[in-house]
Amino acid sequence: MRIGSNPNIHKTIDLSSKSHRVIIPVYIPNAEGYFTDAFAVFKVCIASLLKTINEDTVITLISNASSDEVNQYIYQLWKDKKIDKAVFNKENVGKMNAIIAETRASFEEFITYSDADVFFDKGWLKETFSIFKNFSKAGFVSMNPMPGSYGYASSAIIDAFFSGNIKISQSSTVCDFQDLEHFHKSIGRDHQATEELYDKQIIYFTKNDVSTLVGAGHFCCTIRKTPTLKYVPIKKSNIAVSGGSETIYLDLPFEKTGLWKLSSTKSYVWHMGNVLEKEWSTKKLESISSFKEENFSFHSCMSYSKFLVSNWIPNPLKSKVVGIIKKIKAIK
């Protein structure tokens, strides 16, 4: 039996007010072994994120079968209206399955994927916006500098070469050594790896005083949703984390868009890893305590260039063309 009319019938709702969403999957099943510091690291991650976004950004947190303590923390964030959406999976469905499902369910065009061990520094959002705003071919942008990382970044190199806008310089003239070293240390690489990268010849772009590197990594990145989802497989991933899943569900689909894969020239996000460096994280949180991001919207970045030289080259041949360009420009 029904009595009366649903008051929401014919009611209009505005689904276009926001343009950017941050999606963070988290898997912290306990506080033992590898996960001993994971919850504390996750809390620092969220504290830094909440302090460095503006009103145009909303947040989704996905618990992949995390502990009750972690789930309660996420629920409280949602209850306090600090995040827009909380998802609780009873089983660990895997990183890519979790974020792709939420991407498809999101109304926002710009989606930032982040691991749960990332520190968001002041200015990361504005720099991300600036790169999308100034480079209309940008489709995948990271705030962690990745000089010389050209995997699945063929389109940017090809378009820049044939347009005559390609810039080449030594990494040391564009990037900061400490930024590169911090990331290498966080993933277990030694000092020598940073030194070798610092001396490397790299490709970058500059426009309106905004510089950006060709190439980007996965641990924290922002994508244009619509062109990327067009090529994402429907089939679910059977890999919990990494193991090539990012390549299948993110890199390869993005490469087919013909858009550019870029990263900032300095670090605006920091990979913390699974061990909390208390002194470092305390100082970093203090450094952003009084920060307030400007109000701007990614709505002004919605249009993007679809006239790309790289779109005329079949994807299987792009890596070969890039190889030829690198030889011509003497880039190792």
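Quick rundown of the values:
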read-out: Any chance SER300 is at pLDDT 95 or above, under 24 Å from THR128 (Cα atoms), under 23 Å from the mean Cα position of the chain (by Cα) and in a helix (DSSP H, G or I); value: no
read-out: Pairs, first assigned to a strand (DSSP E or B) in segment 147-175, second modelled with pLDDT of 90 or more, C-beta under 6 Å, six or more apart; value: LYS167/TYR204; ILE168/ILE203
read-out: In segment 177-222, the residues that are out of contact with any strand residue (DSSP E or B) (no Cβ under 9 Å at 6 or more places or on another chain), under 24 Å from ALA156 (Cβ atoms) and in a loop (DSSP other than H, G, I, E, B); value: ASN208, ASP209
read-out: Number of positions in segment 140-184 that are in contact with a Cys (Cβ under 7 Å, 6 or more places away or on another chain) and either among the basic types (Lys, Arg) or under 22 Å from TYR198 (Cβ atoms) (or both); value: 5
read-out: Residue in segment 277-296 that is closer than 30 Å to TYR231 by Cα, within 23 Å of the chain's Cα centre (by Cα), outside any loop (DSSP other than H, G, I, E, B) and not aliphatic (A, V, I, L, M) present; value: no
read-out: Matching residues in segment 203-244 - criterion: being at pLDDT below 90 and within 21 Å of PHE135 (Cβ to Cβ); value: HIS218
read-out: Number of the exception - ASP56 against (1) at pLDDT below 95; (2) touching a Ser or Thr at 6+ places or on another chain (Cβ under 6 Å); value: (1)
read-out: Breaking point among (1) farther than 21 Å from MET143 by Cβ; (2) modelled with pLDDT under 95; (3) not hydroxyl-bearing (Ser, Thr, Tyr), for ASP80; value: (2)
read-out: Residue within segment 176-184 that is polar (S, T, N, Q) and in contact (Cβ under 8 Å) with a residue 24 or more places away in the chain present; value: no
read-out: Segments classed as strands (runs of 3 or more DSSP E), wholly inside segment 1-101, with at least 1 members that are touching a residue at least 60 places away in the same chain (Cβ under 8 Å) and of a type in the set (A, V, I, L, M); value: 20-26
read-out: Top-ranked residue of segment 133-146 - restricted to ones that are among the polar types (S, T, N, Q) and in a loop (DSSP other than H, G, I, E, B), ranked as surrounded by the most Cβ atoms within 10 Å (Cβ to Cβ); value: ASN144
read-out: Residue match in segment 257-264 (condition: outside any strand (DSSP E or B), modelled with pLDDT of 90 or more, surrounded by 13 or more Cβ atoms within 10 Å (Cβ to Cβ) and not β-branched (Val, Ile, Thr)); value: yes
read-out: For LEU180: the one exception among (1) exposed (fewer than 15 other Cβ atoms within 10 Å of the Cβ); (2) under 19 Å from the mean Cα position of the chain (by Cα); value: (1)
read-out: Odd one out for ASN165 among (1) out of contact with any Phe, Trp or Tyr (no Cβ under 9 Å at 6 or more places or on another chain); (2) surrounded by fewer than 15 Cβ atoms within 10 Å (Cβ to Cβ); (3) modelled with pLDDT under 90; value: (1)
read-out: Selection status of LEU252, in contact with a Ser or Thr (Cβ under 9 Å, 6 or more places away or on another chain) and among the hydrophobic types (A, V, I, L, M, F, W, C); value: no
read-out: Single condition SER310 does not satisfy, out of (1) modelled with pLDDT of 90 or more; (2) buried (at least 18 other Cβ atoms within 10 Å of the Cβ); value: (1)
read-out: Selection count where residues are acidic (Asp, Glu), crowded, with 19+ Cβ neighbours inside 10 Å and farther than 18 Å from SER319 by Cα, scope segment 204-256; value: 1
read-out: Cβ-Cβ under 7 Å pairs, at least 6 apart or on other chains, segment 241-261 side closer than 21 Å to ALA116 by Cβ, far side modelled with pLDDT of 90 or more and surrounded by fewer than 20 Cβ atoms within 10 Å (Cβ to Cβ); value: TYR249/VAL232; TYR249/PRO233
read-out: Residue count for segment 306-332, restricted to those that are of a type in the set (Gly, Ala, Ser) and out of contact with any helix residue (DSSP H, G or I) (no Cβ under 9 Å at 6 or more places or on another chain); value: 2
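The values are calculated or read from the model by the stated rules, or taken from the named source; none is laboratory data. This structure is a prediction, so every number in the text was calculated from the model and none was measured. With ideal geometry, Cβ positions are generated from the backbone for all residues, glycine too; neighbour counts draw on all protein chains shown.
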